[in-house]
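Colleague: To start, I am sharing the structure in question, which I have written as structure tokens.
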Amino acid sequence: MCCGLVGGVLGVGLGWGLSLAVVRYLGVDLGAGYFQTTQGTVALPLLDTLLFAGFGVVATLLGGLSPALQTGQMALHQRLRAGTEEAGLQFANKAHWVGLLLCGVAAVCLFIPPYGNIPVGGYLAVAFGLFGGIAMIGVVVRALIRPPTQLREVADLAKSRLASTPNLLAVGLSGVVASFALVVAMHVMIYSFRHSLDQWLTQVLPAPLYVKLNNASIPVFPDAFQKKVAELPGVDLVEFWGQQAIVLDPKRPAVELIARPISVQAAAQRLPMTGNTIDEPKVGTLPVWVSEPMTDLYGLQAGSTLELQLDQGVRVPTTVMGVWRDYTRQHGAIVLPKAELLEQFNVQFKDTQGAIWPQQNIPVKDMVARIEQAANTSPIAEKIDFAEPGEIRQLSLDIFDRSFAVTYLLEIAAVVIGLFGVGTTFSAMALQRKREFALLGAMGASPRWVLKLIAREALIASLVAALVGLTIGLAFAAILIFVVNPQSFHWTMEWFTPWRDLCLMVSVLVAMSTATVTLALRDKLGTRLVEQLKEDWA
């Protein structure tokens with residue numbers, strides 16, 4: 001209990017100090033660059049402080065309860081001997097059954113519907129899956145690290161030593177396994193999200209040039225200007241569109257209506273469609289395409305009907321032709337065909353954006369100059385912003401990278417915490433193995449040879465930890481991508497595996513774990529062999 005209390009207090013203090021440093025040097029937006037000021041305060045509520053400190057106490061009590069009960073059943077002379085730690089963890093021999101049960105519970109939790117926008121089932125699945133995966137580390141250690149039949153090399157002796165203490169090794173590796181699994185899950189999710197966003201931008205920005213107004217006093221492109229741009233020499237195609245908000249449910253935020261030149265046949269080329277689509281709208285209805293949030297928030301899908309009540313009491317019956325992916329409007333969007341909306345219902349939105357396709361032999365810079373010249377005689381002169389798709393794409397990805405920059409810091413912190421756990425556990429094991437090291441020294445082994453043995457043990461153990469953490473992390477990434485993200489933000493993404501990054505992360509983890517354990521145990525190899533050999537009290 002005292003260890004847990006000290007750990008909880010230190011954890012709260014270090015966490016609060018880290019939060020102060022992050023807010024001071026990165027700002028209240030964690031380096032994303034959304035707010036001009038970097039001034040901010042970090043609150044430390046008393047209830048939260050006691051709660052987090054209490055986690056340390058509870059974790060310590062639960063972690064020491066079973067070994068204490070198991071050790072209490074041993075004879076007194078066995079408890080006094082060093083090296084009985086593995087015997088005190090015999091209960092862990094059957095922990096894999098508990099792990100399988102927890103993993104089964106995690107799988108069932110995936111079917112729990114979200115509570116509002118909170119993916120309760122996904123979070124529970126991650127929690128139970130993490131506990132279940134850690135509980136199964138012991139059986140993985142027994143399966144991967146088997147005692148060799150003969151001791152011919154240092155690696156054989158290292159494997160023999162680790163194979164004799166699988167439960168103790170599992171306890172030592174649980175911290176780095178948990179942290180590495182969460183790091184892998186977050187990295188794969190962010191990597192998949194970024195590549196999905198990149199592909200989405202490529203599809204929704206097909207034109208070589210985009211225009212929008214930069215002055216609020218003139219919020220619309222005049223029809224005369226649109227016609228003039230369409231008649232410019234070198235213009236192959238011009239599209240202008242506008243949007244307005246509409247409230248479909250008073251309890252929910254407004255949905256964005258987008259009226260743009262689009263047809264049923266060209267919808268798949270203009271919009272990143274997901275799922276099934278239909279070819280013809282119902283008689284007397286307008287074909288529309290809804291974004292993914294509309295399916296979760298309003299239950300719409302391909303073939304559904306929806307009546308839109310626009311300004312001045314105009315009611316527009318519509319048929320949903322398909323669902324498209326949209327990463328910019330979390331509360332939903334509906335795309336309507338601009339020409340049909342005007343022809344059938346005499347409704348025209350104010351056009352605020354446009355896209356221009358120059359002919360193949362016309363450079364984009366020349367087209368910009370021609371459009372500016374056409375605007376000189378209109379009220380929107382010098383009020384137009386131009387952008388190429390590459391600029392929009394780069395700006396969007398830069399915003400994405402800034403938004404998730406802090407997660408990389410958290411990933412590093414998680415791995416460091418796991419490494420501290422490994423180093424501490426192996427240091428404690430070294431204190432229990434002083435007589436073993438002394439005996440090896442008395443048999444002629446040099447401290448360098450013993451250190452080499454320890455490095456081999458650390459290498460094998462860290463490889464097992466990396467393998468288990470990678471497996472659990474990929475499973476968690478699937479939960480984040482296919483369950484948590486759609487239920488939280490109502491959009492989907494594709495799965496992309498960053499194999500190069502994962503291989504690099506595994507290599508760094510193995511190298512850092514091996515170095516941490518080796519350096520932690522280097523000072524434990526004393527030279528007073530006789531005194532250490534006398535430490536046998538039974």
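Colleague: Test of understanding: what is the full-extension gain from W97 to L61, defined as 0.36 nm times their sequence separation minus their Cα-Cα distance?
Modeller: Taking W97 through L61 to full extension adds about 10.7 nm, to one decimal.
Colleague: Can you pull out the trypsin sites (Lys or Arg not before Pro) in the stretch 113-170 whose DSSP state is coil and whose Cβ has at most 14 other Cβ atoms within 10 Å?
Modeller: R152
Colleague: What is the sum of charges, Lys and Arg at +1 and Asp and Glu at -1, for the other residues whose Cβ falls under 15 Å from the Cβ of V464?
Modeller: So the surrounding residues net to +4.
Colleague: Quick one: if you stick a label point 7 Å off each Cα along the C-beta vector at Q344 and D198, how many nm between them?
Modeller: Output for this residue pair reads 4.0 nm.
Colleague: If you don't mind, there's one more thing I want to ask. Express in nm, to one decimal, how much length is gained between A107 and Q265 on full extension, taking 0.36 nm for each residue of separation and deducting their alpha carbon distance.
Modeller: 52.8 nm
Colleague: With a Förster radius of 56 Å, plug the Cβ-Cβ distance of T328 and A143 into 1/(1 + (r/R0)^6) and report the FRET value to the nearest 0.05.
Modeller: After rounding, the FRET efficiency stands at 0.75.
Colleague: Between L46 and A127, take the C-beta separation as r, use R0 = 41 Å, and let me know the FRET efficiency to the nearest 0.05.
Modeller: For L46 and A127, the calculated efficiency is 0.95.
Colleague: Once you place label points 7 Å from the Cα toward the Cβ at I392 and L409, how far apart are they in nm?
Modeller: 3.2
Colleague: Here is a further query. Taking 7 Å along the Cα-to-C-beta vector as the label spot, tell me the D296-D385 distance in nanometres, rounded to one decimal.
Modeller: Between D296 and D385, the simple spin-label model gives 2.8 nm.
Colleague: Determine one quarter of the surface area of the Cα convex hull of the stretch 209-387, which equals its mean projected area, and express it in nm² to one decimal.
Modeller: Orientation-averaged projected area of the Cα hull: 11.2 nm².
Colleague: Return the long-range amide H neighbours of F496 (sequence gap of 5 or more, or a different chain), with a cut-off of under 5 Å between placed amide H atoms.
Modeller: S192
Colleague: With the convex hull built on the Cα atoms of the stretch 149-303, state its orientation-averaged projected area in nm².
Modeller: 20.7
Colleague: If R0 is 56 Å, what FRET efficiency do you get for T377 and R24 from their C-beta distance, rounded to 0.05?
Modeller: Once rounded, the FRET efficiency stands at 0.60.
Colleague: Then there's this: Distance between the C-alpha centers of the stretch 112-155 and the stretch 310-335? Whole Å please.
Modeller: Comparing the Cα centres of the stretch 112-155 and the stretch 310-335, I get a distance of 44 Å.
Colleague: Now a separate question. Full-extension gain between E280 and L151, please, as 0.36 nm times their residue separation minus the C-alpha to C-alpha distance.
Modeller: Contour length minus the Cα-Cα distance gives 38.9 nm.
Colleague: Can you tally the net charge around V255? Count Lys and Arg as +1, Asp and Glu as -1, for every other residue whose Cβ sits under 15 Å from the Cβ of V255.
Modeller: Here the charged neighbours net out to -4.
Any read-out appearing in this document is the output of simple, stated calculations on the displayed coordinates, not a laboratory observation. Just so it is clear, the structure is predicted and the values come from calculations on it, not from any experiment. Note: ideal-geometry Cβ built from the backbone for every residue, glycine included; neighbour counts use all protein chains shown.
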